[in-house]
Amino acid sequence: MKSILLLNKVFILSLKYDNFYQSIRLTIYAKGRKLCNKLDFCI
């Protein structure tokens, strides 16, 4: 029973981390887009 709870915790933590990582990537991407719009060399 304990191992199932532990797996659950790890799963939830990895989901949270994934969301966190995703939002950071989106933020960096959005800033990059704004910057390249200013400089006029979008990929």
Taking Cα atoms, the helix 2-39 axis meets the longest principal axis of the chain at an angle in degrees (rounded to 10) of 0
Within the chain, helix-based [θ] at 222 nm, where runs of 4 or more DSSP H residues each add -39,500 (n - 2.57), nearest 500 = -32500 deg cm²/dmol
Sort all Cα-Cα distances of the chain into consecutive 10 angstrom bins from zero, then give the percent of pairs in each bin up to the one containing the longest distance.
-> 27, 26, 19, 15, 10, 3
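FYI, it's all coordinate maths here, none of it is from the lab. For clarity, every value in this text was computed on a predicted model and none was experimentally measured.
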